[in-house]
Amino acid sequence: NNTVYLFGGQADHSDPRQKDKAVVGGKGANLAEMASIGLPVPPGFTITTEECVRYLKEGANFSDDLRENVAKALNHIENAVGKRFGDAGDPLLVSVRSGARVSMPGMMDTVLNLGLNDATVEGLAATSGHARFAWDSYRRFIQMYADVVLGLEHGLFEEALEIAKEDKGFFSDTEMDSEDWQALVGEYKAIVERELGRPFPQDVTEQLWGAIAAVFDSWDSERARVYRRLNAIPGDWGTAVNVQAMVFGNMGDTSATGVAFTRDPSTGERAYYGEWLVNAQGEDVVAGIRTPQYLTRTAREAAGAQAPSMEEAMPDAYAELARVFDLLETHYRDMQDIEFTVQQGKLWMLQTRSGKRTAKAALRMAVDMVGEGLIDEETAILRVDPMALDQLLHPTLDPHAARDVLARGLPASPGAASGAIVLDADTAETRAGRGESVILVRVETSPEDIHGMHAAKGILTARGGMTSHAAVVARGMGRPCVSGASAVSIDLKTRTLRIGHRELTEGDTITLDGASGEVMAGEVPTIEPELAGDFGVLMDWADKHRRMAVRTNAETPADCRTARQFGAEGIGLCRTEHMFFDAGRISAVRAMILADDEAGRRAALARLLPEQRSDFADIFRAMAGLPCTIRLLDPPLHEFMPTRDEDFEGLASDLGVGVDHLKRRAAELHEFNPMLGHRGCRLGITFPEIYEMQARAIFEAACAVTGEGGEPVVPEVMIPLVATRKELAILRALVDRVAGEVFGEQGLTLDYLVGTMIELPRAALMAGEIAEEARFFSFGTNDLTQTALGVSRDDAGRFLGAYVDQGIYARDPFVSLDIDGVGQLVELAAERGRATRADIKLGICGEHGGDPESIAFCEKVGLDYVSASPYRVPIAKLAAAQAAL
Ligand code: ADP
Ligand code: MG
Ligand code: MG
């Protein structure tokens, strides 16, 4: 296998390894590819990533083989260009560029103009006829080389340049003439010698190997390691090195350099987009030393800019560039991000790659390119990152608006919202009731805050992670949420909060950007999402190509409508506990919980029955005959318990009992570990009257709505937290009995299913037996993760970050399913369930149902559907389609 690959000139690009980014890196592969299709690429060579790995393993040693091949490869460049490296009369100069398999900030910066020294600079000046250009290039080279290879602070050099300009009374670099640059070169060399105790290397071969070593070493730099860890890039890939003949954009007014996209990367519009600078080199465009000019006349005019566009100033080079854009797009069948240089009127291509783009642009390009016949539907589906759709489904902040950022937290739930600060849920509800926009700001939220979260336009918490209560509920409701903004401290006594050093009062307006985690002062204008158009087209394609159905987790008619608007095909999880928190009901719920006996409980439940019935009826109506899985009561009862004295007092007088008595009952209900305590089906086993009431409410509502005409309702009654067949058998019998009673009373018999959640390891293991009682399984992967990992979701925030940082789990297992571990339980339960009951319906309803990687796993295991919160339905559909392709 070659250690070095040539490109450009007369090079042979036929070795398939030269197309392989794993071998030659992304930059190297694309340079060779461009050269092979006849585009003007300065000749060069690529040292493979394998050599980098070997070099690092062998203690920073170059192999003889490599030295020999680099020498030969240098010859290739020399012959192609017709100049010799180190030739004092007419020197070849090169750039040394790193290029890993994926683009990776943190790697070594490029060194340009390598091969200059005190002798060759004179040759360059003479042969080019531009002394100023030659000395400018030399000073650039010394500064870059000193910075990236010799490890000197670039500030030292910038300071020297500033002083030189000041001495002359210059404002800009362009005023420096040849002698000025030459003088500066003298100073730069003096700085190097002073700092390093040895002179700047004059030997060009030493320069070259120094730069190659620096690229290799940068793979193991701290910056690169951190980046790799954060982006899950393996440490053993290594980076390639590209050595390439220099072309000069700084050779006067017929020379230029620029970066461009073949389409607009922020809107996706089919229009060339880019920036360029006359008489400039390399990164001047991005470095912001001078303000770059527009590429096209249209863009310049739209911006009202004076400086001519490239289209106007260099029409021939521009026409050539436009031709190259089209060639590259047809070749790569994707939008390209390009670097180019014009040397005295001639265009040279220095880089191309598939360009990064906003979600909006990704969508538009994918749809447009199918229309243009550039790609097929399948490719279009695969092109759009499902998670990026999230940005499109919510109102977003106007990117042009000014932002006064107060603090930053976690981007817990996307979307943007502005409103008045409110510090508790009741205030949120009252003020929202008056038509105000409010942002609920809490240290953290709990189920008691639900009504306030619903009322608020957005939620901000000082504590809690991406899977905190606030984050999960906010995502479910489609409310923007910033969680864990630790700079926020709340004083409930004075009703004020401090964010960093700023003091705010309840009622002050703030804006949240749930996509970036930013908290801003005042109101920042937003723009509304567009659901028709390209989005609709892509969704249609996804529907056509996916196998799994996509349901939603919804518990209010409003959620149901949102989800259906996004194309949900049923409800995968309707939690019933949130209905219990409603203002009018909570006292009946509390009365039920605190009742001394069954009779007391039944009396309270009788008050709840009509309420639940109408909840379910509303949901059935909203879902119009689509399947609805309704889960019977799941959380530990103490979550409904009053905490404030006035609540106890009110309740006591309602019930005609003493406050002390109530408080004692509440204390009796205390649990040490409620998540593993008296909850789920255990409530149904011990207080069957609760599940009876809920089953009755479900069947009565189903009969009523079916009676209204339209599609018959087929309820799916789901029993939570089952561990044994027997539990399910008992509760199924209960549900069947109630169903029979209701059907008898109503004179109407409906189809319905009883099934269970699989959310305990024992249930997964015993799935074969449990399936005897269950018509469906829904994998409750939140609890299954919690119980399989032995990690409490509510407490994980304290340590899970460190676990992810250290790579113990690649991603937060509550966000992306732990496929290796928890995944086995899912797979095994699916297999065993199907072995018992071939037509058992299998779905997933945890947070993971909206996570693309987890969805791909569900496809692999053959689940029938995934269920996601309403705003995640489109994401799930796209991810399901991608998984099926
Ligand atoms: P990065 O990956 O950071 O973009 P590059 O290696 O692409 O680094 O190079 C940085 C800049 O130098 C780019 O503007 C590129 O076009 C320019 N450049 C690199 N090699 C050459 C060369 N041989 N001739 C002229 N400009 C070059
Ligand atoms: Mg580049
Ligand atoms: Mg659960």
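The values are calculated or read from the model by the stated rules, or taken from the named source; none is laboratory data. Since this is a predicted model, take the numbers as computed values, not measurements. Quick reminder, even Gly has a Cβ in these numbers, built from the backbone with ideal geometry, and neighbours come from all protein chains shown.
Taking the criterion of being free of Cβ contacts under 8 Å to residues at least 60 places away in the same chain, touching a helix residue (DSSP H, G or I) at 6+ places or on another chain (Cβ under 8 Å), farther than 21 Å from Arg67 by Cβ and not assigned by TED's automatic domain parsing to the domain that holds Lys346, would at least one residue in segment 212-229 satisfy it?
Scanning segment 212-229, I find no residue that is free of Cβ contacts under 8 Å to residues at least 60 places away in the same chain, touching a helix residue (DSSP H, G or I) at 6+ places or on another chain (Cβ under 8 Å), farther than 21 Å from Arg67 by Cβ and not assigned by TED's automatic domain parsing to the domain that holds Lys346, so the answer is no.
Limited to segment 159-210, what total is found for residues that are touching a residue at least 24 places away in the same chain (Cβ under 8 Å) and of a type in the set (Phe, Trp, Tyr)?
Summing the residues that are touching a residue at least 24 places away in the same chain (Cβ under 8 Å) and of a type in the set (Phe, Trp, Tyr) in segment 159-210 gives 4.
Can you tell me which of Leu748, Leu842 is assigned to a strand (DSSP E or B) and more than 26 Å from Gly677 (Cα to Cα)?
Values: Leu748 fails: assigned to a strand (DSSP E or B).
Exactly one residue qualifies, and that residue is Leu842.
Please work out which one of (1) under 16 Å from Ala240 (Cα atoms); (2) modelled with pLDDT of 95 or more; (3) surrounded by fewer than 17 Cβ atoms within 10 Å (Cβ to Cβ) is the condition Ala60 fails and give its number.
It fails just one condition, (2).
From the list Gly155, Gly169, Gly99, Gly151, which residue is assigned by TED's automatic domain parsing to the domain that holds Pro234, over 27 Å from Gln344 (Cα atoms) and in contact with a strand residue (DSSP E or B) (Cβ under 7 Å, 6 or more places away or on another chain)? Can you show your working first?
On the way: Gly155 fails: in contact with a strand residue (DSSP E or B) (Cβ under 7 Å, 6 or more places away or on another chain); Gly169 fails: in contact with a strand residue (DSSP E or B) (Cβ under 7 Å, 6 or more places away or on another chain); Gly151 fails: in contact with a strand residue (DSSP E or B) (Cβ under 7 Å, 6 or more places away or on another chain).
None of the other options fit; the residue is Gly99.
Kindly evaluate Tyr272 against the criterion of being away from ligand 2 (no atom under 16 Å from the Cβ), in contact with a Leu (Cβ under 7 Å, 6 or more places away or on another chain) and not charged (D, E, K, R). Break it down stepwise before answering.
Values: away from ligand 2 (no atom under 16 Å from the Cβ): yes; in contact with a Leu (Cβ under 7 Å, 6 or more places away or on another chain): yes; not charged (D, E, K, R): yes.
Yes, satisfied.
Say we look at segment 339-360 and pick out the residues that are more than 16 Å from ligand 2 (Cβ to nearest atom) and crowded, with 23+ Cβ neighbours inside 10 Å; which of these is nearest to Pro411 (Cα to Cα)?
Arg357
What's the total number of residues in segment 271-286 that are in a loop (DSSP other than H, G, I, E, B) and either outside the structural domain of Gln336 (by TED's automatic domain parsing) or within 16 Å of ligand 1 (Cβ to nearest atom) (or both)?
Within segment 271-286, the first condition is being in a loop (DSSP other than H, G, I, E, B), and the residues that meet it are 271-272, 279-283.
Narrowing further to those that are either outside the structural domain of Gln336 (by TED's automatic domain parsing) or within 16 Å of ligand 1 (Cβ to nearest atom) (or both): 279-283.
Counting residues in segment 271-286 that are in a loop (DSSP other than H, G, I, E, B) and either outside the structural domain of Gln336 (by TED's automatic domain parsing) or within 16 Å of ligand 1 (Cβ to nearest atom) (or both) gives 5.
Please name all residue pairs, on different chains or six or more residues apart, with Cβ atoms under 7 Å, provided the first residue is in segment 66-91 and is on the phi > 0 side of the Ramachandran plot and the second residue is surrounded by 15 or more Cβ atoms within 10 Å (Cβ to Cβ) and in a loop (DSSP other than H, G, I, E, B).
Gly86/Gly115
Of all residues being in contact with a Phe, Trp or Tyr (Cβ under 6 Å, 6 or more places away or on another chain), within 16 Å of Val243 (Cβ to Cβ) and in a loop (DSSP other than H, G, I, E, B) in segment 94-129, which is farthest from ligand 1 (Cβ to nearest atom)? Just the residue, please.
Leu116
Within segment 617-644, can you find the residues that are charged (D, E, K, R), touching a residue at least 12 places away in the same chain (Cβ under 8 Å) and either closer than 30 Å to Lys663 by Cβ or part of a loop (DSSP other than H, G, I, E, B) (or both)? Can you show your working first?
Of the residues in segment 617-644, the ones charged (D, E, K, R) are 618, 621, 631, 634, 639, 644.
After this cut, where a residue has to be touching a residue at least 12 places away in the same chain (Cβ under 8 Å) as well, the list is 618, 621, 631, 634, 639.
Passing the criteria: Asp634, Glu639.
The conditions are (1) out of contact with any helix residue (DSSP H, G or I) (no Cβ under 8 Å at 6 or more places or on another chain); (2) modelled with pLDDT under 95, and Thr629 fails exactly one of them. Which is it?
Of everything listed in (1) out of contact with any helix residue (DSSP H, G or I) (no Cβ under 8 Å at 6 or more places or on another chain); (2) modelled with pLDDT under 95, Thr629 misses just condition (2).
Restricted to segment 210-252, and to residues that are in contact with a Cys (Cβ under 8 Å, 6 or more places away or on another chain) and within 16 Å of ligand 2 (Cβ to nearest atom), which residue is farthest from Leu74 (Cα to Cα)?
Within segment 210-252, the first condition is being in contact with a Cys (Cβ under 8 Å, 6 or more places away or on another chain), and the residues that meet it are 215-216, 219, 238-241.
Narrowing the set further to residues that are within 16 Å of ligand 2 (Cβ to nearest atom) leaves 215, 239-241.
Numbers: Val215: 18, Thr239: 20, Ala240: 16, Val241: 13 Å.
That would be Thr239.
For a quick check of your reading: which helices (runs of 4 or more DSSP H) sit entirely within segment 516-592 and have at least 3 residues that are modelled with pLDDT of 90 or more? Break it down into steps so the answer makes sense when it comes.
Details: elements: 533-545, 557-565, 577-580.
Ranges flagged: 533-545, 557-565.
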